[in-house]
Amino acid sequence: MQYLEFGLKSPEKPAVIDLAGAWSYSGLASRAAHVAEALVGRHGLAQGDRVGLFLPRRKESVALLLGIFGAGGIAVPFSVRAAARELAHQIADAGVSRIIFEPSAHAVTLEAVALAKSKDADPRVIEAASLKAGGPLARDVSVTAEAPALILYTSGTTGQPKGVVHTHASLAAQVDVLFHAWEWSSEDELLHVLQLHHIHGLVNGLLGALRAGAKLRFLDTFSARAVWDEFAARHASVFYAVPTIYHQLIDCWERQDSATQQRWAQAAGQLRLAVSGSAALPARLWTRWRDLTGQALLERYGMTEIGMAISNPYRGERRPGTVGRPLPGLRVRVVSESGQDAAEGMPGEIQVNGPSLFREYWGNLGATRESFREGYFLTGDIAEMRDGYLCIRGRASVDILKSAGYKISALEIEEVLREHPAVREVAVIGVPDQQWGEIVTACVIPQAGETLTLDDLRAWCGDKLAPYKTPRRLELIQDFPRNAMGKVIKPELVRRLSAALDFR
Ligand code: AMP
């Protein structure tokens with residue numbers, strides 16, 4: 001079975017561990033085979049059918065995902081924190097025909113299915129328990145490397161999230177690149193604390209660990225203390241996280257007595273590899289972590305559409321404030337506004353080409369075409385080269401925010417806020433913040449005679465947006481800075497609010 005080849009060389013070795021215990025590689029393989037058989041035999045899944053599923057950090061999630069792959073289906077992972085409206089969009093957009101039922105998402109699933117029906121979708125809900133029984137596949141499903149395997153929804157600058165389609169080949173290329181570059185082995189154990197509907201947690205983390213025949217240890221709910229305890233119990237050799245998590249780990253460490261601090265720091269220092277990505281890692285945070293633990297965090301750069309493209313070296317100097325060099329097999333160019341390769345120290349857009357790139361945005365040929373030039377994917381991220389290392393300078397669009405490692409479309413949030421009766425005009429921006437990267441901030445001009453509180457806004461968003469997209473800050477404003485066309489100058493808003501924050 002795909003991804004399990006290495007692991008199955010030692011079939012009794014633990015593959016995946018959660019609070020309820022461990023499954024060996026052979027146990028995982030047979031459970032995934034049962035899922036595949038039940039999907040094809042009992043639920044009539046045909047090749048290329050889209051299967052929506054929630055992936056809480058539990059062993060069962062891994063069997064479901066591999067089972068869908070084995071059955072020739074296309075997995076569409078939903079966020080366990082998504083709101084019904086967001087799910088309905090994904091179900092209808094991807095034409096999801098089956099949803100695997102997850103009890104913790106009971107209400108939201110039913111609401112999303114009802115909403116999706118009004119968009120001409122008609123997904124069938126399958127009980128996960130019904131996928132447990134069954135034998136190996138009666139007839140072999142031969143899935144080609146070029147067949148789509150996964151659709152991940154990601155925010156863009158055009159409002160509604162787009163479905164990024166990865167094939168089995170592009171996923172394999174992604175995990176292979178990291179396997180070699182970061183020297184994974186079957187001796188490794190990954191402590192997994194990331195979301196599984198995102199490239200970082202799903203591909204780098206889950207598939208990457210399995211590809212190496214390593215141990216995958218899930219922490220079902222994240223807490224900084226629990227991570228430190230796992231480090232102290234020597235339950236990890238590799239750790240992947242976003243900068244917000246390293247921030248929280250340091251905060252938690254600072255609140256401990258000195259004996260605990262010493263024990264924890266020493267344990268973290270034993271990690272073979274600790275990676276940060278999905279958002280900019282402030283150099284101060286890098287230095288603080290190194291001072292505490294002796295560990296040089298490895299920062300890398302990637303994106304849902306391209307997988308991981310640029311990384312600091314596993315061996316060699318890791319430079320804080322940089323994302324390193326292109327990974328082997330990836331072609332990366334930095335293109336200035338004039339369309340030329342940017343000179344050393346000059347800003348340009350990162351453009352990427354290579355086998356790990358996605359195939360298309362699902363059902364959106366126009367957006368797919370627009371995002372490529374000469375075979376290179378246009379990331380919209382601005383960087384400059386300094387002594388052979390790339391430094392990310394920000395995004396070309398102010399409408400893409402990054403908070404706690406999540407990519408968020410300002411326009412999607414604005415659409416929801418604009419429906420609020422007290423809102424006359426709204427601009428959503430990301431205000432820089434040490435802990436969150438950016439804080440989702442709603443700048444609102446209220447309707448005449450109306451007022452609004454942050455609590456009102458958050459309650460309004462409750463059933464319409466996932467919690468991480470819901471604004472954490474509200475600024476009531478009389479008017480926006482605007483250009484001659486009347487368009488809001490968001491960078492100016494960001495500047496003003498950042499200055500106001502520094503002042504406080
Ligand atoms: P996603 O598709 O959610 O993984 O988001 C990809 C985006 O995250 C990129 O386009 C960048 O804007 C940002 N990103 C990822 N890694 C880094 C990094 N190391 N430093 C700065 N931004 C990053």
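The values are calculated or read from the model by the stated rules, or taken from the named source; none is laboratory data. What you see is a predicted model, and the numbers here were worked out from it, not measured in a lab. Cβ coordinates were reconstructed from backbone atoms using ideal geometry, including for glycine residues, and neighbour counts include every protein chain displayed.
Things worth noting here:
- Considering (1) over 22 Å from G201 (Cα atoms); (2) within 16 Å of the ligand (Cβ to nearest atom); (3) among the hydrophobic types (A, V, I, L, M, F, W, C), the lone condition that A241 does not fulfil carries the number (1).
- Filter result for V440 (away from the ligand (no atom under 11 Å from the Cβ), over 20 Å from the mean Cα position of the chain (by Cα) and surrounded by 22 or more Cβ atoms within 10 Å (Cβ to Cβ)): no
- For region 114-193, the strands (runs of 3 or more DSSP E) that sit wholly inside it and include 3 or more residues that are in contact with a Phe, Trp or Tyr (Cβ under 8 Å, 6 or more places away or on another chain) are 124-127, 162-167, 189-192.
So that you can scan it fast, the table gives a plain yes or no per residue for (1) among the acidic types (D, E); (2) surrounded by fewer than 24 Cβ atoms within 10 Å (Cβ to Cβ); (3) closer than 28 Å to N364 by Cβ; (4) more than 14 Å from the chain's Cα centre (by Cα):
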{"position": "S278", "(1), (2), (3), (4)": "no, no, yes, no"}
{"position": "L281", "(1), (2), (3), (4)": "no, no, no, yes"}
{"position": "L292", "(1), (2), (3), (4)": "no, yes, no, yes"}
{"position": "G307", "(1), (2), (3), (4)": "no, no, yes, no"}
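- Top-ranked residue in region 347-366 [being among the hydrophobic types (A, V, I, L, M, F, W, C) and buried (at least 20 other Cβ atoms within 10 Å of the Cβ); ranked as farthest from R325 (Cα to Cα)]: W362
- Filtered by the rule that a residue be among the small types (G, A, S) and under 16 Å from the mean Cα position of the chain (by Cα), region 62-100 gives A75, S79, A82.
- Residue tally, condition surrounded by fewer than 16 Cβ atoms within 10 Å (Cβ to Cβ) and in contact (Cβ under 8 Å) with a residue 12 or more places away in the chain, over region 31-54: 5
- Residue match in region 254-269 (condition: under 24 Å from Y468 (Cβ atoms) and of a type in the set (A, V, I, L, M, F, W, C)): no
- Subset of region 368-393 that is surrounded by 15 or more Cβ atoms within 10 Å (Cβ to Cβ) and small (G, A, S) - its residue that is farthest from R325 (Cα to Cα): S371
- Some residue of region 393-402 being without any contact (Cβ under 8 Å) to a residue 24 or more places away in the chain and near the ligand (Cβ under 10 Å from one of its atoms): yes
- Residues located in region 462-482, provided they are in a helix (DSSP H, G or I) and surrounded by fewer than 20 Cβ atoms within 10 Å (Cβ to Cβ): P467, Y468
- Checked against the criterion of being modelled with pLDDT of 90 or more and small (G, A, S), the candidates A121, A138, A129 yield just one match: A121.
- Residue selected from region 252-276 under the condition free of Cβ contacts under 8 Å to residues at least 40 places away in the same chain and within 30 Å of D381 (Cα to Cα), by the criterion surrounded by the most Cβ atoms within 10 Å (Cβ to Cβ): S276
- Which listed residue, of A383, A367, is among the aliphatic types (A, V, I, L, M) and more than 10 Å from the ligand (Cβ to nearest atom): A367
Yes or no, residue by residue, for (1) within 23 Å of L19 (Cβ to Cβ); (2) under 18 Å from the mean Cα position of the chain (by Cα); (3) buried (at least 24 other Cβ atoms within 10 Å of the Cβ); (4) modelled with pLDDT of 95 or more:
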site: T167; (1), (2), (3), (4): no, yes, no, yes
site: S170; (1), (2), (3), (4): no, yes, yes, yes
site: L178; (1), (2), (3), (4): no, yes, yes, yes
site: A181; (1), (2), (3), (4): no, no, no, yes
site: E187; (1), (2), (3), (4): no, no, no, yes
site: I199; (1), (2), (3), (4): no, yes, yes, yes
site: N204; (1), (2), (3), (4): yes, yes, yes, yes
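- If you filter region 339-353 down to residues that are without any contact (Cβ under 8 Å) to a residue 40 or more places away in the chain and more than 22 Å from the chain's Cα centre (by Cα), you find that the one that is nearest to the ligand (Cβ to nearest atom) is G348.
- Test: residue in region 414-434 that is among the hydrophobic types (A, V, I, L, M, F, W, C) and touching a Gly at 6+ places or on another chain (Cβ under 9 Å): no
- Sole residue being of a type in the set (S, T, Y) and modelled with pLDDT under 95, chosen from S311, S278: S278
- Checking each residue in region 339-357 for being over 15 Å from F372 (Cβ atoms) and in contact with a His (Cβ under 9 Å, 6 or more places away or on another chain) picks out no residue at all.
- Any chance L493 is closer than 22 Å to A280 by Cα, assigned to a helix (DSSP H, G or I) and not assigned by TED's automatic domain parsing to the domain that holds H89: yes
- Hey, A283 among the aliphatic types (A, V, I, L, M), within 13 Å of the ligand (Cβ to nearest atom) and closer than 27 Å to E374 by Cα or not: no
- Residue that is nearest to the chain's Cα centre (by Cα) [pool: residues in region 138-165 that are among the charged types (D, E, K, R) and surrounded by fewer than 20 Cβ atoms within 10 Å (Cβ to Cβ)]: E146
- Cβ pairs under 8 Å, 6+ apart, first in region 321-338 and within 19 Å of G375 (Cβ to Cβ) and within 16 Å of the ligand (Cβ to nearest atom), second in a loop (DSSP other than H, G, I, E, B) and of a type in the set (G, A, S): L330/G354; L330/S356; V334/A342; V335/A342
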